[in-house]
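J.: Mind having a look at this structure? Questions to follow.
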Amino acid sequence: MKKYNQKYPLIWKKKNFYIKIYCSIPNIATGIIITTEKSTIVVDPGDGILRDLNKDYSAKEILAISDIFISHGHHDHVGGVWSLLTYLSVMKKSTPLNIYYPKGCLEIESIYKAFHNVYSHELKYKINLKEIDNSRTFLKKDLKIKPFKVNHREPSDDGKESIEVPSLGFKFEHNGKSICYGGDTAYCDALVNMAKGSDLAIIEAGAENENESDLHLTIEQASKIGRTAKQHFLVHVPE
Ligand SMILES: [Zn+2]
């Protein structure tokens, strides 16, 4: 297999539309921040997100995070949620936090429930769980977000087949520029359509080898999709 070494962090910026991918390493962690003039959002806060944000942003800036977007519930995409929520509580965040996640994502609902059990008595900010079950575009201050369903699966317990994982990709638009983040997915038309023409496409290439897989994209598939965007990053490549 051709080795593809992605170096992190990955940064892209068009005027005030900024994204930093701290990392996206299969089975370890993902961590992404997007900022505009008015918005600070986090996408897939995997393990280490707090440490990474703390290197770049002041406590005040971290407290300004208004929305978290979750592509799916695998631990390498949500492992940092608990510590991020706790930090925001300890630092006395007072503005609401919305967590957008695919309908049926048990992990986010379980983390939230456990977190609420432990900290609700001292929590000063409101956490709004926003389950996403469609592809309707919505607005958040100066950001437009279009979620889209992708096709991510995981091996069944006996390893004989694969089962569907509730998963989303997101297209973020600001000032006429767009970032398409596919999350984890095997080849699917929705990703192909959404990546096409984007200013930046972030495409996973998580397949273990170059054989087509129903769990992840191969480097060849991911590159082909990525090249339909103006610029692309391959992420989630096995190391
Ligand atoms: Zn996954």
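The values are calculated or read from the model by the stated rules, or taken from the named source; none is laboratory data. These numbers come from a predicted model, not from an experiment. Cβ sites come from the backbone with ideal geometry, for glycine too, and all protein chains shown count toward neighbours.
J.: Just name the residue that is farthest from the ligand (Cβ to nearest atom) out of those in the range 210-221 that are part of a loop (DSSP other than H, G, I, E, B) and among the charged types (D, E, K, R).
T.: If we filter the range 210-221 for residues that are part of a loop (DSSP other than H, G, I, E, B), which is where we start, we get 210-218.
Checking the rest, the ones that are also among the charged types (D, E, K, R) come to 210, 212, 214.
On the way: E210: 19, E212: 17, D214: 13 Å.
Filtering first and then ranking leaves E210.
J.: Could you tell me which of the residues Y22, Y18, Y8 is within 24 Å of I111 (Cα to Cα) and among the hydroxyl-bearing types (S, T, Y)? Let's see the steps before the verdict.
T.: Values: Y18 fails: within 24 Å of I111 (Cα to Cα); Y8 fails: within 24 Å of I111 (Cα to Cα).
None of the other options fit; the residue is Y22.
J.: Follow-up question, since we're still on this one. Mind listing just one residue for me: the one in the range 222-237 that is within 20 Å of the chain's Cα centre (by Cα) and either without any contact (Cβ under 8 Å) to a residue 24 or more places away in the chain or not in a loop (DSSP other than H, G, I, E, B) (or both) and, of those, surrounded by the fewest Cβ atoms within 10 Å (Cβ to Cβ)? Walk me through how you get there before you give the answer.
T.: Taking the range 222-237 and keeping what is within 20 Å of the chain's Cα centre (by Cα), we get 222-223, 225-226, 229, 231-237.
Of the ones still in play, those that are also either without any contact (Cβ under 8 Å) to a residue 24 or more places away in the chain or not in a loop (DSSP other than H, G, I, E, B) (or both) are 222-223, 225-226, 232-235.
Working: A222: 30, S223: 15, I225: 27, G226: 23, H232: 21, F233: 23, L234: 21, V235: 25.
Checked the range 222-237; the qualifying residue surrounded by the fewest Cβ atoms within 10 Å (Cβ to Cβ) is S223.
J.: What is the number of the single condition among (1) surrounded by 16 or more Cβ atoms within 10 Å (Cβ to Cβ); (2) more than 16 Å from the ligand (Cβ to nearest atom); (3) at pLDDT 95 or above that V81 does not meet?
T.: (2)
J.: Report yes if some residue within the range 184-193 is without any contact (Cβ under 8 Å) to a residue 40 or more places away in the chain and of a type in the set (F, W, Y); otherwise report no.
T.: yes
J.: Please enumerate the residues belonging to the range 17-66 that are within 20 Å of N128 (Cβ to Cβ), of a type in the set (S, T, N, Q) and within 11 Å of the chain's Cα centre (by Cα).
T.: none
J.: Just for the range 86-112: of the residues that are small (G, A, S), within 23 Å of the chain's Cα centre (by Cα) and surrounded by fewer than 16 Cβ atoms within 10 Å (Cβ to Cβ), which one is farthest from V150 (Cα to Cα)?
T.: Looking only at the range 86-112, we keep the residues that are small (G, A, S), and these are 89, 94, 104, 110.
Within this subset, residues satisfying the condition of being within 23 Å of the chain's Cα centre (by Cα) are 89, 104, 110.
This time we only want the ones that are surrounded by fewer than 16 Cβ atoms within 10 Å (Cβ to Cβ), so: 104, 110.
Values: G104: 14, S110: 22 Å.
Selected residue: S110.
J.: Same structure again: If we scan the range 207-218, do we find a residue that is surrounded by fewer than 21 Cβ atoms within 10 Å (Cβ to Cβ), touching a Gly at 6+ places or on another chain (Cβ under 8 Å), of a type in the set (A, V, I, L, M) and modelled with pLDDT of 95 or more?
T.: Looking through the range 207-218, none of the residues is surrounded by fewer than 21 Cβ atoms within 10 Å (Cβ to Cβ), touching a Gly at 6+ places or on another chain (Cβ under 8 Å), of a type in the set (A, V, I, L, M) and modelled with pLDDT of 95 or more.
J.: Run E122 past the list (1) under 23 Å from H74 (Cα atoms); (2) out of contact with any Phe, Trp or Tyr (no Cβ under 7 Å at 6 or more places or on another chain); (3) charged (D, E, K, R) and report the number of the one that doesn't hold.
T.: So the condition that E122 fails would be (1).
J.: For the range 2-18, give me each residue that is within 27 Å of K141 (Cβ to Cβ) and surrounded by fewer than 22 Cβ atoms within 10 Å (Cβ to Cβ).
T.: Here is the first cut: in the range 2-18, the ones within 27 Å of K141 (Cβ to Cβ) are 9-18.
Correct list: P9, L10, I11, W12, K13, K14, K15, N16, Y18.
J.: Now for a different question. With the checklist (1) more than 16 Å from the ligand (Cβ to nearest atom); (2) at pLDDT 95 or above; (3) aromatic (F, W, Y) in hand, flag the one item Y4 doesn't pass.
T.: Condition not satisfied by Y4: (2).
J.: Let me ask something additional. Which of the residues spanning the range 187-209 are within 16 Å of the ligand (Cβ to nearest atom) and not in a helix (DSSP H, G or I)? Steps first, please.
T.: At the first step, the residues of the range 187-209 found to be within 16 Å of the ligand (Cβ to nearest atom) are 187-188, 191, 202-208.
Once the filter is applied, which keeps residues that are within 16 Å of the ligand (Cβ to nearest atom) and not in a helix (DSSP H, G or I), the range 187-209 yields Y187, C188, I202, I203, E204, A205, G206, A207, E208.
J.: Residues in the range 228-238: is at least one at pLDDT 95 or above and either over 24 Å from Y22 (Cβ atoms) or in contact with a His (Cβ under 6 Å, 6 or more places away or on another chain) (or both)?
T.: yes
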